[in-house]
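Just below is one structure, and these are the notes that go with it.
The values are calculated or read from the model by the stated rules, or taken from the named source; none is laboratory data. This one's a predicted model, so the numbers in the text were calculated from it and none came from an experiment. Positions of Cβ are generated from backbone atoms using ideal geometry, with glycine treated the same way; all protein chains shown enter the neighbour counts.
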Amino acid sequence: MKIIIAGNGKVGAALTRQLSAEGDELTLIDSNLKILESSEELYDIMVVQGNCASMEVLRQAGVKEADLLIAMAGADEVNLLCCMTAHAMNANIHTIARVCNPQYMDQIFSMREMFGLSMAVNPERQAAVEIERLLKYPGFLKRDTFTKGRVEIVELRIDGRSKLCNVALNDMYGIVKCKILVCAVLREGKAIAPNGNFVLREGDRIFVTAFTNTLTILLKNLGVITHKAKRAILCGGGRVSYYLAKQLENSGIAIQIIEQDAERCRQLAVQLPSACIIQGDASNQMLLEQEGISSCDAVVTLTGMDELNMIVSLYGASCKVPQIITKLGHIENTDILGNLSLDSVISPKELCCNTIVQYVRAMKNQTGAALTVHTIADGQAEAMEFLVDGKVKHCGVPLKNLKLKKGVLVVCIAKGAKMEIPNGESYYNIGDIVYIVTSKEKSIYQLNDMFES
């Protein structure tokens, strides 16, 4: 498929890496020649230097023959004009634009056809949604939802005090006393697809498939005592903080936002009258102590600097804050992150990329495409949701009789309102929804791709 990526910032670079690995024919547009040359050396792509909203630049990039344009420039207005221009030059092209300004939210929806938009993405708002879910359901490092919230893959860290430390997966049920499936384990930065004899060790991060209504039971039986946050400190007053505070306005959680820029503080005070806005440096230990970091329920670090976010989060951990969530723009070096014990890490870039890759895969395979795609295990695996249609092979055949590709695991089957964590006797039929976890090396575009040929 011919794809144009306009803008090579954090999201654009991540998309270039991921889509080039999937074999798509990519053309990258950016005004910075050094960035283009670097990307050209790393990946098998075409590059065009210039303004991505210019008709001439888009013509050079091959917009008339392209299937998809992804506008990821730093300015919303440039992205919208880029999509409008591309659609005027090629009426059949699909377009995706990054639009982050909260002031544009309503008009993007109402003027979608005028802008020629197939989809708009907002990484900051997506990050805020994920953080809100973690604050409302503490105890997990990460939660990925399927089937409108009925099934989830949650992440837990095994520490020395955990009831699961030194326990084989076959023996887990006697401890958790609910139906779950460990679909992946991260150990020393490497993702492992475990079998029943696999023994969990201190420092492991495990990814568990479970029904949403059993999550409370899971936490209770693991001895993870949690309570809903009543007061949260947000470090940094950017867009993620704004979106998050707006979402939490009616949740009963008191919000304190620490922001260094005085003008931004004044803007937030007007936009968020129910939040407490503090002007100051979020890395100042005295300020954090004055604002009661030791007695708050959650700290969310949302500044524009990854290093600062990590330092403040680690300080919050030393103050025994029950829940700490860290926003990171660069999460490529997973070995470092794994050793820092940062608890929940949110990457707007990763969330946005997941959404776009799901759209791209659906375009490639209009029928049978994944309903949902989540990246787990620090990007080393994917969790996917598929509807079983008439083209899917082996309906009614027990899973124990199927030859699946190595690294592919069926983790749940939904039969209408009935949900099932499968065993060898389980099977699927037309109309069911099947959930699989696969290593990133295995490209699964439709359910039939999981079988050995």
Can you tell me how many residues within segment 261-304 are in contact with a Cys (Cβ under 8 Å, 6 or more places away or on another chain) and surrounded by fewer than 13 Cβ atoms within 10 Å (Cβ to Cβ)?
1
Filter segment 233-278 down to the residues that are outside any loop (DSSP other than H, G, I, E, B), of a type in the set (A, V, I, L, M), under 18 Å from Arg125 (Cα atoms) and over 25 Å from the mean Cα position of the chain (by Cα) and list them by number.
Leu268
Only unsatisfied item for Tyr435, checking (1) touching a helix residue (DSSP H, G or I) at 6+ places or on another chain (Cβ under 6 Å); (2) buried (at least 21 other Cβ atoms within 10 Å of the Cβ); (3) among the aromatic types (Phe, Trp, Tyr), is (1)
Out of Thr372, Thr438, which single residue is touching an Asp or Glu at 6+ places or on another chain (Cβ under 8 Å) and farther than 17 Å from Gly149 by Cα?
Thr438
Which residues, counting only those in segment 423-453, are without any contact (Cβ under 8 Å) to a residue 60 or more places away in the chain, in a loop (DSSP other than H, G, I, E, B) and of a type outside the set (Ser, Thr, Tyr)?
Asn423, Gly424, Glu425, Asn429, Ile430, Gly431, Asp432, Glu441, Lys442, Glu452
For segment 6-41, give me each residue that is in contact (Cβ under 8 Å) with a residue 40 or more places away in the chain and not in a loop (DSSP other than H, G, I, E, B).
Ala6, Lys10, Val11, Gly12, Ala14, Leu15, Gln18, Leu19
Within segment 58-67, is there a residue that is assigned to a loop (DSSP other than H, G, I, E, B), over 23 Å from Glu124 (Cβ atoms) and of a type in the set (Lys, Arg)?
yes
Top-ranked residue in segment 148-195 [being assigned to a strand (DSSP E or B) and acidic (Asp, Glu); ranked as surrounded by the most Cβ atoms within 10 Å (Cβ to Cβ)]
Glu152
Residue in segment 222-232 that is outside the structural domain of Ala317 (by TED's automatic domain parsing), touching a residue at least 60 places away in the same chain (Cβ under 8 Å), under 26 Å from Gly379 (Cβ atoms) and hydroxyl-bearing (Ser, Thr, Tyr) present:
no
Hey, among Val397, Val392, Val411, which residue is touching a helix residue (DSSP H, G or I) at 6+ places or on another chain (Cβ under 7 Å) and among the β-branched types (Val, Ile, Thr)?
Val392
Kindly check whether there is at least one residue in segment 58-67 that is touching a Leu at 6+ places or on another chain (Cβ under 6 Å) and over 25 Å from Ile444 (Cβ atoms).
no
Mind listing just one residue for me: the one in segment 377-415 that is within 21 Å of the chain's Cα centre (by Cα) and among the charged types (D, E, K, R) and, of those, farthest from Asp144 (Cα to Cα)?
Asp378
If we scan segment 97-116, do we find a residue that is closer than 30 Å to Glu56 by Cβ and of a type in the set (Asp, Glu)?
yes
